[in-house]
Amino acid sequence: MRKLSLYIILYLSSFLFGQVSLNMLPKSLDLDTRDTYSVIYMESIDVDQLLIEDSIAPSNVPYRFGYPFEINYNILDVCSWEHFGDDGSICRVKFISRDAYSMRIIFDNFVIEDGSMVSVYNDNMSDIYGAYTSQNNSDDSYFSTPLVKGESIILEYYQPLESQGLSVLNAEHIVHDYKDFLNFFSSTSDRSCGDNVNCPDASAFQNQVNSVAYIEIGWGICSGGMVNNVRQDLTNYFLTADHCVGGSSSTIRFYFNYETSSCSGSSASAGSYAYGAQLKARSYSMDPDYALYRITGNVPSSWGVYYAGWSLPDGTTEDVSVGVHHPGGAPKKISYAETQAIMSGWNGQDENTPYGSHYKVWWSNGGMEGGSSGSPLFDGNGRVLGPLSGGPDIECESSNNFALYGRISRSWDEIKPYLDPDNTGTTWLNGTYVEVQSGCTDPDATNYNPDATINDGSCIYPEVGLATFSFYNVTGNSFDIVMNNSVPVSGVQFQLIDTPDVIDITGANGGSFDQYDYSVTTNESGTILAFSFTGVAIPEGQMPVTNVTYTGSGETEICIVDGIVSNPAGEALTVNYGSCVDLLAGSLGDVNQDGLVDILDIVMIINITLGTLEPSSSQETIADINSDGIINILDIIMTINIIIE
């Protein structure tokens, strides 16, 4: 059986439409300059040998379109200077690499002082880029120019008369495009692999399509996609493959809208891009071959970028839908997967990974090829499962064509600090176009947040009034409830709870509830409900509203909770509560707390009076029938009357 070799799907390119620049012509066009340059010729390259190397390259190296000459030139030392008095100075250098389709310069130390500027262009100035200024200085001082058409690239540096000589332009690579990747000379082949994303069948997946971008990484391209995080705050996290990592993150370009305008179109403009990123996490291997960037360049909302959701399943099979990608740097394509992916490993030419590092997907329409690397696989719910690693070395849309995608769930501990920064334990998340902000969404609340998209229950409303409940005159079988209300009240509800549960509520009467002819309802569990059928309101003030009676015996703590108080308009007052109280439940005279008042209790009261029995605190309270604080003959006579009655 023929052995299938796996390849990393990486294709190389560069565009430049949105990098920060002054969008102005080179300064030399405004001055009376001589047509003189320093000229540096690059060594000739063996294109045939490079193509042979590309054809046998192992699966974990980039698929090249350009050859990077390693250089170490301080441009300001090798360029040709011209001075124009008060108008400043210009320095120019031309790099020539014979038979290049296009060229670019990559700097490892690029610092421009204020007032100075850099432009790049070709011999006939059909390609002009810049001017680049101090705005293009980055933290790591890396910078790359766009690909300039032709076999020469001219760099022009301008500095004003007042320059302090602080600029540094150290070039580390000259890139020679030997494949006409940008098709400057119409020499590249058709890169179609899948349907254009504006075909009718793709309409159900437009959110997923809008998350995917083509990324240019120096002398190569990959695909990838923007992903949401649990805070849903539109942090620009971008997921691609680890084997797409190369060069400085600060020079990566992200193109989100490179797509044809119709289903049958074959060309499009790459459009604007976001420039620069920070590498946050990566696998450093094919297990499971992921890299997570945070884009530092601006991603305007007008681009309509979708922050895709993701999922972390652990099953051996998973429902899948589509892959969206840029095969060979072509405008955005969509490929349709068979309904299920199976768990697999990566079996490459020089690296194998354990079972479970990848999902294996077969295609019903489309496929993947060079440039598709890092593109996301979406599950049946449109959530990302992981980035593309590669597939068999066969033509796109061939029978039995499949692809392998790294499972982000396998490295979730490294990715989680960014996509789940609060460690919520979320295992799946939907995507979004807008920042999801928690807060109060009710315009009637005092803390209404017009930017909030989810109501978090924090709404605070203007205070209608205040009612405070407290206990008063607590005895062994009843107590008063006092209400202090700042506005008139038309209805009251609250709950009485005792811990431990030793009493049952038997009724509530008297107080302002009776005074204002309120209907009062109670139950054994402690709910008190009072209101007026005639609409009469209890006026503001502090007064006992009712006397609550109960049965039971023993020591307990009783509290008022869950109060609801309404004003005449049906608006709720803010409710506060006084302290809970300790309660000694039981009938007066039942000193031995056996549920009966009889001769045995009289004997105990006599012994307490004579001092021959030391009562407990509860016995002392129950024996003091007239509640005068003294147990004597009066309490004995009153107990006898209780028995007789």
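The values are calculated or read from the model by the stated rules, or taken from the named source; none is laboratory data. Remember, predicted model here, so these are calculated numbers, not experimental data. Because the Cβ atoms are built from the backbone with ideal geometry, glycine has one as well, and the counts that use them run over all protein chains shown.
Here are some notes:
- Just so you know, in region 72-112 the residues that are of a type in the set (D, E, K, R) and in a helix (DSSP H, G or I) include one that is farthest from the chain's Cα centre (by Cα), and it is ASP86.
- Apart from one condition, TYR73 fits all of (1) at pLDDT below 80; (2) surrounded by 14 or more Cβ atoms within 10 Å (Cβ to Cβ); the exception is (1).
- Residues within region 465-493 that are touching an Asp or Glu at 6+ places or on another chain (Cβ under 9 Å), in a loop (DSSP other than H, G, I, E, B) and under 15 Å from ALA537 (Cα atoms), tallied: 4
- Residue list for region 587-603, filter: part of a loop (DSSP other than H, G, I, E, B) and surrounded by 19 or more Cβ atoms within 10 Å (Cβ to Cβ): LEU588, GLY589, ASP590, VAL591, VAL597
- Residues being over 20 Å from LEU466 (Cα atoms) and in a strand (DSSP E or B) - total across region 524-536: 1
- Flag if GLY431 is in contact with a helix residue (DSSP H, G or I) (Cβ under 7 Å, 6 or more places away or on another chain) and surrounded by 16 or more Cβ atoms within 10 Å (Cβ to Cβ): yes
For (1) surrounded by 15 or more Cβ atoms within 10 Å (Cβ to Cβ); (2) more than 30 Å from GLY465 (Cβ to Cβ); (3) free of Cβ contacts under 8 Å to residues at least 12 places away in the same chain, each residue gets a yes or a no:
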residue: GLY563; (1), (2), (3): yes, no, no
residue: ALA585; (1), (2), (3): yes, yes, no
residue: ILE637; (1), (2), (3): no, yes, yes
residue: ASN641; (1), (2), (3): no, yes, yes
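- The residues on offer are ILE606, ILE631, ILE560, and the sole one that is more than 30 Å from PHE531 (Cβ to Cβ), outside any helix (DSSP H, G or I) and modelled with pLDDT of 90 or more is ILE631.
- Whenever a residue of region 277-290 is more than 11 Å from TRP346 (Cα to Cα), its partners that are in a strand (DSSP E or B) and of a type outside the set (A, V, I, L, M), lying with C-beta atoms within less than 6 angstrom and at least six residues away or across chains, give the pairs ALA277/TYR293; GLN278/ARG294; LEU279/TYR293; LYS280/ARG294; TYR290/PRO387; TYR290/GLY406.
- Looking across GLY374, GLY386, GLY390, one residue alone is closer than 20 Å to LYS332 by Cα and either among the basic types (Lys, Arg) or not in a strand (DSSP E or B) (or both). It is GLY374.
- Subset of region 136-160 that is assigned to a loop (DSSP other than H, G, I, E, B) and touching a helix residue (DSSP H, G or I) at 6+ places or on another chain (Cβ under 6 Å) - its residue that is modelled with the lowest pLDDT: SER138
- Note on region 350-370: residues that are crowded, with 17+ Cβ neighbours inside 10 Å and farther than 13 Å from ALA403 by Cβ amount to 2.
- Set VAL299, VAL324, VAL320: member being at pLDDT 95 or above, under 22 Å from ALA270 (Cβ atoms) and touching a Ser or Thr at 6+ places or on another chain (Cβ under 9 Å): VAL324
- The condition (being part of a strand (DSSP E or B), assigned by TED's automatic domain parsing to the domain that holds SER553, free of Cβ contacts under 8 Å to residues at least 24 places away in the same chain and out of contact with any Gly (no Cβ under 9 Å at 6 or more places or on another chain)) is satisfied by just one residue among THR521, THR506: THR521.
- In the set GLY265, GLY225, only one residue is in the same structural domain as ILE334 (by TED's automatic domain parsing), in a strand (DSSP E or B) and of a type in the set (Gly, Ala, Ser); that residue is GLY225.
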